[in-house]
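Chemist: Input: one structure, supplied below.
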Amino acid sequence: MQEKITATPHVVVVGAGFGGVRAALLLSKMNVKITLIDKYNYHLFQPLLYQVATAGLSVDDIAYPIRAIFKQQKNVDFRLAEVTGVDFDNKSIMMDTGTIDYDYLVIATGGMTNYFGMESVAKNSFGMKTLDESVVIRNHILSRFELAAHEKNADKRRALLTFVVVGGGPTGVESAGAISELTYHVLTKEYHNMNFKEVRIVLVEASDKLLAAMPESLRDVTVETLIRKHVEVRMCIQVIDYDGELLTLKGGEVIPTQTVIWAAGAKATELLDHLGIEQGSMRRAVVNEHLQLPNQPEVFAIGDAAHFIQNGRPLPMVAPVATQQADIVAKNIKSLINGKELKKFFYKDMGSMATIGRNAAVVQMGNFKTHGFFAWVIWSFVHILRLIDFRNRAVVFAKWMWDYMVYERVVRIITRKK
Ligand SMILES: Cc1cc2nc3c(=O)[nH]c(=O)nc-3n(C[C@H](O)[C@H](O)[C@H](O)COP(=O)(O)OP(=O)(O)OC[C@H]3O[C@@H](n4cnc5c(N)ncnc54)[C@H](O)[C@@H]3O)c2cc1C
């Protein structure tokens with residue numbers, strides 16, 4: 001069904017992630033009509049997906065209904081739909097549920113897992129980009145322990161108990177640390193007959209660095225902490241194949257394992273491949289200094305969907321880029337409506353942080369850097385504050401406190417065996 005554009009400018013925001021939600025909230029303060037489209041009905045806090053995957057948090061702790069976010073914003077309409085294309089000439093968006101016209105468009109569709117063309121790895125390993133994927137990982141990890149507990153064959157048992165995480169960025173480091181916590185702080189108390197020396201947690205990274213954006217001293221601390229937590233850190237080594245049972249590394253080493261979590265890369269969502277637009281690194285939409293698509297002044301791209309060059313390099317695919325770009329896009333749409341000059345975007349890097357399990361994290365903010373317990377407290381509070389709703393913040397805080405005090409992971413529920 002075709003929708004008619006009213007006299008009030010109609011802004012369509014595609015994607016209710018970090019960038020899309022922020023843009024829609026800011027735009028809602030203006031005299032515009034906004035349609036926010038997402039293929040899911042919830043906003044997802046992706047940085048804590050690994051905690052769902054390792055039984056620390058439940059799905060509704062890190063996801064929040066989009067309609068609830070916008071209950072006060074009467075000029076925001078939500079559409080549960082997948083966008084499949086854009087007709088830029090006619091300013092019309094194609095969705096799986098119909099079409100809708102726009103005056104201004106913000107593409108904030110985020111990213112997806114990048115397997116760098118390795119089909120066998122894509123087919124057999126676990127990506128961690130969606131809520132469904134993290135629940136599948138949780139079910140899988142917990143099921144491996146159940147199967148191993150009664151497996152008589154030692155080789156099969158070791159393969160069940162070998163967990164490989166690929167990618168030494170924050171997601172890989174945090175996932176490996178969390179699997180270690182789950183194993184050595186929680187499950188050791190309950191699997192009375194299991195030999196936990198048979199458990200192997202391996203973190204594989206192709207480059208010579210973990211947490212490449214961090215200063216060297218914090219990178220060293222990260223490696224030492226992981227090793228202390230029984231994680232094998234393997235750097236300068238590439239994965240070349242995985243058939244679901246055997247992981248093959250470049251150089252010929254083979255690791256028998258039923259669990260490979262792929263945290264080694266992201267690229268823009270497939271939608272961008274179908275728009276006929278210029279794409280840059282990781283297939284992101286090339287944007288100009290005002291975050292507009294070249295030759296499409298009414299169309300903006302932000303966050304993981306946007307390829308923006310600053311200081312000669314594309315910006316990283318992280319949440320602060322998306323929210324800072326949302327701020328500028330909201331201002332620039334207002335300026336376009338009022339015939340004013342547009343603002344240029346400049347990313348202010350606030351630093352980075354990663355947790356490595358209980359009591360351990362690394363934090364870098366400008367010249368300030370710290371690690372250990374204090375860094376872990378900072379990490380915890382920053383993440384709690386960044387959650388979108390008070391209920392989520394309160395529940396996550398309570399669960400973390402409970403886990404901290406009693407060494408428990410409350411969400412150890414296997415909802416599906418396969
Ligand atoms: C496991 C994990 C851990 C991370 N940890 C951190 C971290 O610690 N710190 C940090 O800064 N960043 C982290 N990131 C990256 C961060 O989450 C992203 O950079 C950020 O989410 C990008 O925001 P965005 O608004 O561009 O896209 P997203 O937040 O990804 O939102 C995109 C939205 O678009 C929707 N969408 C996509 N395609 C379509 C379509 N065709 N039709 C309709 N809707 C669509 C999606 O459903 C989604 O809701 C992590 C990411 C992952 C996966």
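Let's see how each residue does on (1) more than 8 Å from the ligand (Cβ to nearest atom); (2) in contact with a strand residue (DSSP E or B) (Cβ under 6 Å, 6 or more places away or on another chain); (3) at pLDDT below 95:
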site: Glu3; (1), (2), (3): yes, yes, yes
site: Thr6; (1), (2), (3): yes, no, yes
site: Val14; (1), (2), (3): no, yes, no
site: Gly17; (1), (2), (3): no, no, no
site: Val21; (1), (2), (3): no, yes, no
site: Leu25; (1), (2), (3): yes, no, no
site: Lys29; (1), (2), (3): yes, no, no
site: Lys39; (1), (2), (3): no, no, no
site: Leu49; (1), (2), (3): no, no, no
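Chemist: Going residue by residue through segment 184-207, is there one that turns out to be among the small types (Gly, Ala, Ser), under 18 Å from Met235 (Cβ atoms) and surrounded by 20 or more Cβ atoms within 10 Å (Cβ to Cβ)?
Modeler: As a first pass, look at segment 184-207 and keep what is among the small types (Gly, Ala, Ser): 206-207.
Remaining after also requiring under 18 Å from Met235 (Cβ atoms): 206-207.
Restricting the remaining residues to those that are surrounded by 20 or more Cβ atoms within 10 Å (Cβ to Cβ) gives none.
So far as segment 184-207 goes, no, none of its residues is among the small types (Gly, Ala, Ser), under 18 Å from Met235 (Cβ atoms) and surrounded by 20 or more Cβ atoms within 10 Å (Cβ to Cβ).
Chemist: Further, regarding this structure: Out of (1) near the ligand (Cβ under 10 Å from one of its atoms); (2) in contact with a Phe, Trp or Tyr (Cβ under 9 Å, 6 or more places away or on another chain); (3) of a type outside the set (Val, Ile, Thr), what's the single condition that is false for Asp60?
Modeler: The single condition Asp60 does not satisfy is (1).
Chemist: Quick check, is Asn153 farther than 30 Å from Val202 by Cα, without any contact (Cβ under 8 Å) to a residue 24 or more places away in the chain and either surrounded by fewer than 17 Cβ atoms within 10 Å (Cβ to Cβ) or within 12 Å of the ligand (Cβ to nearest atom) (or both)?
Modeler: Working: farther than 30 Å from Val202 by Cα: no; without any contact (Cβ under 8 Å) to a residue 24 or more places away in the chain: yes; either surrounded by fewer than 17 Cβ atoms within 10 Å (Cβ to Cβ) or within 12 Å of the ligand (Cβ to nearest atom) (or both): yes.
Taking the combined requirement at face value, the residue does not satisfy it.
Chemist: Next question, about the same structure. Can you say whether Gly351 is crowded, with 18+ Cβ neighbours inside 10 Å and either farther than 21 Å from Val86 by Cβ or more than 16 Å from the ligand (Cβ to nearest atom) (or both), as far as the supplied structure shows?
Modeler: Numbers: crowded, with 18+ Cβ neighbours inside 10 Å: no; either farther than 21 Å from Val86 by Cβ or more than 16 Å from the ligand (Cβ to nearest atom) (or both): yes.
For Gly351, the condition - crowded, with 18+ Cβ neighbours inside 10 Å and either farther than 21 Å from Val86 by Cβ or more than 16 Å from the ligand (Cβ to nearest atom) (or both) - is not met.
Chemist: Let me ask something additional. Can you tell which of Ile255, Ile261, Ile277 is of a type outside the set (Asp, Glu), farther than 21 Å from Leu315 by Cβ, within 15 Å of the ligand (Cβ to nearest atom) and at pLDDT 95 or above?
Modeler: Details: Ile255 fails: within 15 Å of the ligand (Cβ to nearest atom); Ile277 fails: farther than 21 Å from Leu315 by Cβ.
Within the list Ile255, Ile261, Ile277, the selection yields Ile261.
Chemist: Another one. Among (1) out of contact with any Leu (no Cβ under 8 Å at 6 or more places or on another chain); (2) crowded, with 22+ Cβ neighbours inside 10 Å, which single condition is Asp60 missing?
Modeler: Unmet condition: (2).
Chemist: Mind checking whether some residue in segment 160-171 is assigned to a loop (DSSP other than H, G, I, E, B), modelled with pLDDT of 95 or more, buried (at least 19 other Cβ atoms within 10 Å of the Cβ) and touching a Gly at 6+ places or on another chain (Cβ under 8 Å)?
Modeler: Yes, some residue in segment 160-171 is assigned to a loop (DSSP other than H, G, I, E, B), modelled with pLDDT of 95 or more, buried (at least 19 other Cβ atoms within 10 Å of the Cβ) and touching a Gly at 6+ places or on another chain (Cβ under 8 Å).
The values are calculated or read from the model by the stated rules, or taken from the named source; none is laboratory data. Note that the coordinates shown come from a computational prediction; the quantities given were computed from them, not determined experimentally. With ideal geometry, Cβ positions are generated from the backbone for all residues, glycine too; neighbour counts draw on all protein chains shown.
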